[in-house]
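Before I ask anything, let me first share the structure, which is written out below as structure tokens.
The values are calculated or read from the model by the stated rules, or taken from the named source; none is laboratory data. Owing to the predicted nature of the structure, the values given are computational and were not obtained by experimental measurement. Positions of Cβ are backbone-derived with ideal geometry, glycine not excepted, and every protein chain shown enters the neighbour counts.
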Amino acid sequence: MDNKEFVKDITNMDEDFAQWYTDIILKAELVDYAPVKGFMVIRPYGYALWENIQKILDAKFKQTGHKNAYFPLLIPESMLNKEKEHVEGFAPEVAWVTHGGENELAERLCVRPTSETIICTMYSKWIKSHRDLPLLINQWANVVRWEKTTRPFLRTSEFLWQEGHTLHSTAAEAKDETLKMHKIYADFCKNYLAIPVIMGRKSEKEKFAGAEETYTIEALMHDGKALQSGTSHYFGNNFAKAFNIKFQNKEGKEEFAYQTSWGMSTRIIGGIIMTHGDNRGLKLPPNIAPTQVVIVPIAQHKDGVLDKVEELKNILSVKYRVDTDIRDEYSPGYKFNYWELRGVPIRIEMGPKDIENGECILFRRDILQKEVIKIADIDSKIEETLANIQENMYKMAVKNVEDHTYVAQNLEEYLEIFNEKQGYVKIMWCGKQECEDKIKELTSSTIRCIPFEQENLSEKCAICGKMPNHMVYTARQY
RNA sequence: CGGGGUGUAGCGCAAUUGGUAGCGCACGUGGUUUGGGACCAUGGGGUUGCAGGUUCAAGUCCUGUCACUCCGACCA
């Protein structure tokens, strides 16, 4: 088994990563293109991934005191216009509803690009007293942003996400909340998706429209480009002032509430694909895989094979997500490739000889290796192997980040790196937008984040040579 | 929104000078197979992206338009 072995119908990822990505998502049946440009159909296998993401994140949100609600899809234009920076940030990509049936509306309605404005409007009605705070609400929803260039999962005109919107009586509490959710996203990526992320803050230029602070988790894809994978924003009372969200404090005085919002979207599925996939297709981390174990019978027409497969499935289904492939029209070899393309972590092969010996073959998708195991040991073996795959996939992803992380002391070194490589380039930065703009102009890379874990690389901004105040990660991005 | 590329069956492609649109894979049916993409037989599937135009005749020539895609600018 060799990973370089020719795989039918899939473009080699090292030759054309973009085409590889397209091949994978279509052939693994995650999505299909919709009739309207920029929109995608999420097919059952892709949606199952999203459902697993939802299930895990939703539980984390609830554990931390949040409740789900649902706000409307359409927002009156006047409402969107209340916060100046926010509307300037989103206006260019808003879709508008102008007619109800045959009649033109008196005020046009925007299809939500994000829900801050409608939620703030409602919050201002609901909040009277410090006793109403904190207000911790999340919604699972779709939003629409009319994008010019789109790619399934990574940038689509409509995407699914969750958006948390919370109100607090103090700035400190709201800041804590922002960081708490930021950490939940990072832990989720690490522990479930096996994606290592850089945790940090966005620069002024890159932060969310209307926010005081934006925190981001940045993930590095196989091709060395960065993907913003989850954000949390601290709004201070910018929106509270624009939407008049006030409460009476313990002293009886009126105060503006402090606010946060945070979100993770279907984009992260693109992140899973591009972090772990290989030339055989998808490679899904066990903790998120819709199917963790697939059982493929060999010579399934022979007596007892299908019975044994069914029996094994029933045993394993108690603890794992298990599928069997008993399609009569395909050969075992076809099925092996089929499930590898779909990224199922473990495959069990079982034929008459194995059954006779009380054995079966366990195949690991992550390292493409087969092992003979005793059926009697299968439960503990699967548990151990799934954990092992999860851990190994994280390690491989970490290694990819390490292999694609560079340091530049000055502009010359910086340009040299981006001339031939893709990845994170760590630099010292003076904090001025002028320098930020310059690297973007020259290399199309941007400051991805100002990481919490700072390092002192030198005493000079890599761009202008002045006193630096931050070490930052830069990269080209999706 | 600027620059390039591509549109012929689900996918990949072919069609000579403008002259009856074809091949492989996939798909339907019957059978034989089954430890890394099986085989035989047989069958179905097309307003050549769309709209105009030139011509006796257009997949092919002309104009427009749409979609996809890559590279920039803009963004989760």
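Starting from segment A:423-436, take each residue that is within 13 Å of A:Arg448 (Cα to Cα) and list its partners that are among the charged types (D, E, K, R) and not in a loop (DSSP other than H, G, I, E, B), counting only C-beta distances under 8 angstrom and pairs at least six apart or across chains.
From segment A:423-436, the pairs are A:Gly423/A:Asp403; A:Tyr424/A:Arg448; A:Trp429/A:Glu436.
A:Thr231 fails exactly one of the following numbered conditions: (1) closer than 30 Å to A:His168 by Cβ; (2) in the same structural domain as A:Pro352 (by TED's automatic domain parsing); (3) not small (Gly, Ala, Ser). What is the number of that condition?
(2)
Among the listed residues A:Glu359, A:Glu349, which satisfies the condition of being near RNA strand B (Cβ under 9 Å from one of its atoms), touching a Pro at 6+ places or on another chain (Cβ under 8 Å) and modelled with pLDDT of 95 or more? Steps first, please.
Working: A:Glu359 fails: touching a Pro at 6+ places or on another chain (Cβ under 8 Å).
Result: A:Glu349 is the single residue among A:Glu359, A:Glu349 that is near RNA strand B (Cβ under 9 Å from one of its atoms), touching a Pro at 6+ places or on another chain (Cβ under 8 Å) and modelled with pLDDT of 95 or more.
Among the candidates A:Tyr473, A:Tyr394, single out the residue that is touching a Pro at 6+ places or on another chain (Cβ under 9 Å), at pLDDT 95 or above, within 15 Å of RNA strand B (Cβ to nearest atom) and hydroxyl-bearing (Ser, Thr, Tyr). Before the answer, list the steps.
Values: A:Tyr394 fails: within 15 Å of RNA strand B (Cβ to nearest atom).
None of the other options fit; the residue is A:Tyr473.
Which residues, taken from segment A:89-121, are within 15 Å of RNA strand B (Cβ to nearest atom), aliphatic (A, V, I, L, M) and either under 9 Å from A:Arg145 (Cα atoms) or at pLDDT 90 or above (or both)?
Within segment A:89-121, A:Val94, A:Ala95, A:Val111 meet the criteria.
Restricting attention to segment A:365-392, report how many residues are surrounded by 18 or more Cβ atoms within 10 Å (Cβ to Cβ) and assigned to a loop (DSSP other than H, G, I, E, B).
Final tally of qualifying residues: 2.
Looking only at residues in segment A:212-260 that are small (Gly, Ala, Ser), touching an Asp or Glu at 6+ places or on another chain (Cβ under 6 Å) and in a strand (DSSP E or B), which one is farthest from A:Ala397 (Cα to Cα)? Walk me through how you get there before you give the answer.
Of the residues in segment A:212-260, the ones small (Gly, Ala, Ser) are A:219, A:224, A:226, A:229-230, A:232, A:236, A:240, A:242, A:252, A:257.
Next, only the ones that are touching an Asp or Glu at 6+ places or on another chain (Cβ under 6 Å) stay: A:226, A:236, A:242.
If we keep only those that are in a strand (DSSP E or B) too, we end up with A:226, A:236.
Values: A:Ala226: 13, A:Gly236: 35 Å.
Result: A:Gly236.
For segment A:438-452, give me each residue that is touching a residue at least 24 places away in the same chain (Cβ under 8 Å) and closer than 24 Å to A:Val197 by Cα. Outline the logic, then answer.
Here is the first cut: in segment A:438-452, the ones touching a residue at least 24 places away in the same chain (Cβ under 8 Å) are A:438-439, A:442-452.
If the condition is that a residue be touching a residue at least 24 places away in the same chain (Cβ under 8 Å) and closer than 24 Å to A:Val197 by Cα, then A:Ile439, A:Thr443, A:Ser444, A:Ser445, A:Thr446, A:Ile447, A:Arg448, A:Cys449, A:Ile450, A:Pro451, A:Phe452 are the ones that fit.
Identify, from the list A:Tyr334, A:Tyr320, A:Tyr330, the residue that is hydroxyl-bearing (Ser, Thr, Tyr) and part of a helix (DSSP H, G or I). It would help to see each step written out before you state the result.
On the way: A:Tyr320 fails: part of a helix (DSSP H, G or I); A:Tyr330 fails: part of a helix (DSSP H, G or I).
Answer to the check: A:Tyr334.
Let me ask something additional. Taking the stated definitions as given, is A:Lys180 away from RNA strand B (no atom under 16 Å from the Cβ), within 20 Å of A:Lys241 (Cβ to Cβ) and modelled with pLDDT of 95 or more?
Working: away from RNA strand B (no atom under 16 Å from the Cβ): yes; within 20 Å of A:Lys241 (Cβ to Cβ): no; modelled with pLDDT of 95 or more: yes.
Criteria not met by A:Lys180.
Name, by its number, the condition in (1) buried (at least 24 other Cβ atoms within 10 Å of the Cβ); (2) closer than 22 Å to A:Ala171 by Cβ; (3) more than 12 Å from RNA strand B (Cβ to nearest atom); (4) not β-branched (Val, Ile, Thr) that does not hold for A:Glu212.
Every listed condition holds for A:Glu212 apart from (1).
Here is a further query. Tally the residues that are under 12 Å from A:Val36 (Cβ atoms), over 15 Å from the mean Cα position of the chain (by Cα), near RNA strand B (Cβ under 7 Å from one of its atoms) and at pLDDT 85 or above, restricting the search to segment A:137-158.
Result for segment A:137-158: 1.
Turning to a different aspect of this structure: Tell me whether segment A:4-16 contains one or more residues that are modelled with pLDDT of 80 or more, within 9 Å of RNA strand B (Cβ to nearest atom) and within 26 Å of A:Tyr334 (Cβ to Cβ).
yes
Name every residue in segment A:460-475 that is assigned to a loop (DSSP other than H, G, I, E, B) and either without any contact (Cβ under 8 Å) to a residue 24 or more places away in the chain or crowded, with 20+ Cβ neighbours inside 10 Å (or both), in order of residue number. Don't jump to the end; show me each part of the working.
Going residue by residue through segment A:460-475, those that are assigned to a loop (DSSP other than H, G, I, E, B) are A:460-469.
Listed by number, the residues that qualify are A:Cys461, A:Ala462, A:Ile463, A:Pro468.
I would also like to ask the following. In segment A:180-210, what residues are farther than 30 Å from A:Ala289 by Cβ and of a type outside the set (D, E, K, R)? Working first, answer last.
From segment A:180-210, those farther than 30 Å from A:Ala289 by Cβ are A:201-210; that's our starting set.
Selection gives A:Ser203, A:Phe208, A:Ala209, A:Gly210.
Checking the conditions here, which among A:Ile56, A:Ile75, A:Ile118, A:Ile127 is assigned by TED's automatic domain parsing to the domain that holds A:Thr166, surrounded by 19 or more Cβ atoms within 10 Å (Cβ to Cβ) and within 26 Å of the chain's Cα centre (by Cα)? Walk me through how you get there before you give the answer.
On the way: A:Ile56 fails: surrounded by 19 or more Cβ atoms within 10 Å (Cβ to Cβ); A:Ile75 fails: within 26 Å of the chain's Cα centre (by Cα); A:Ile127 fails: within 26 Å of the chain's Cα centre (by Cα).
Sole residue among the options that is assigned by TED's automatic domain parsing to the domain that holds A:Thr166, surrounded by 19 or more Cβ atoms within 10 Å (Cβ to Cβ) and within 26 Å of the chain's Cα centre (by Cα): A:Ile118.
How many residues are outside any helix (DSSP H, G or I) and at pLDDT below 90 if we restrict to segment A:411-426? Spell out the reasoning first.
Taking segment A:411-426 and keeping what is outside any helix (DSSP H, G or I), we get A:421-426.
Those left that are additionally at pLDDT below 90: A:421-422.
Final tally of qualifying residues: 2.
Given the conditions (1) crowded, with 21+ Cβ neighbours inside 10 Å; (2) within 12 Å of RNA strand B (Cβ to nearest atom); (3) in a loop (DSSP other than H, G, I, E, B), which single one is not true for A:Val296?
Every listed condition holds for A:Val296 apart from (3).
Matching residues to (1) aliphatic (A, V, I, L, M); (2) free of Cβ contacts under 8 Å to residues at least 60 places away in the same chain; (3) buried (at least 23 other Cβ atoms within 10 Å of the Cβ):
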{"position": "A:Leu220", "(1), (2), (3)": "yes, no, yes"}
{"position": "A:His233", "(1), (2), (3)": "no, yes, yes"}
{"position": "A:Phe239", "(1), (2), (3)": "no, no, yes"}
{"position": "A:Gln248", "(1), (2), (3)": "no, no, no"}
{"position": "A:Glu254", "(1), (2), (3)": "no, yes, no"}
{"position": "A:Gln259", "(1), (2), (3)": "no, no, yes"}
{"position": "A:Ile269", "(1), (2), (3)": "yes, no, yes"}
{"position": "A:Thr275", "(1), (2), (3)": "no, no, yes"}
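State yes or no: is A:Ala18 surrounded by 15 or more Cβ atoms within 10 Å (Cβ to Cβ) and either in the same structural domain as A:Thr114 (by TED's automatic domain parsing) or closer than 16 Å to A:Leu154 by Cα (or both)?
Working: surrounded by 15 or more Cβ atoms within 10 Å (Cβ to Cβ): no; either in the same structural domain as A:Thr114 (by TED's automatic domain parsing) or closer than 16 Å to A:Leu154 by Cα (or both): yes.
Considered against the rule, which asks whether it is surrounded by 15 or more Cβ atoms within 10 Å (Cβ to Cβ) and either in the same structural domain as A:Thr114 (by TED's automatic domain parsing) or closer than 16 Å to A:Leu154 by Cα (or both), A:Ala18 comes out as no.
So, in segment A:305-341, exactly how many residues are more than 11 Å from RNA strand B (Cβ to nearest atom), loosely packed, with under 15 Cβ neighbours inside 10 Å and among the hydroxyl-bearing types (Ser, Thr, Tyr)?
1
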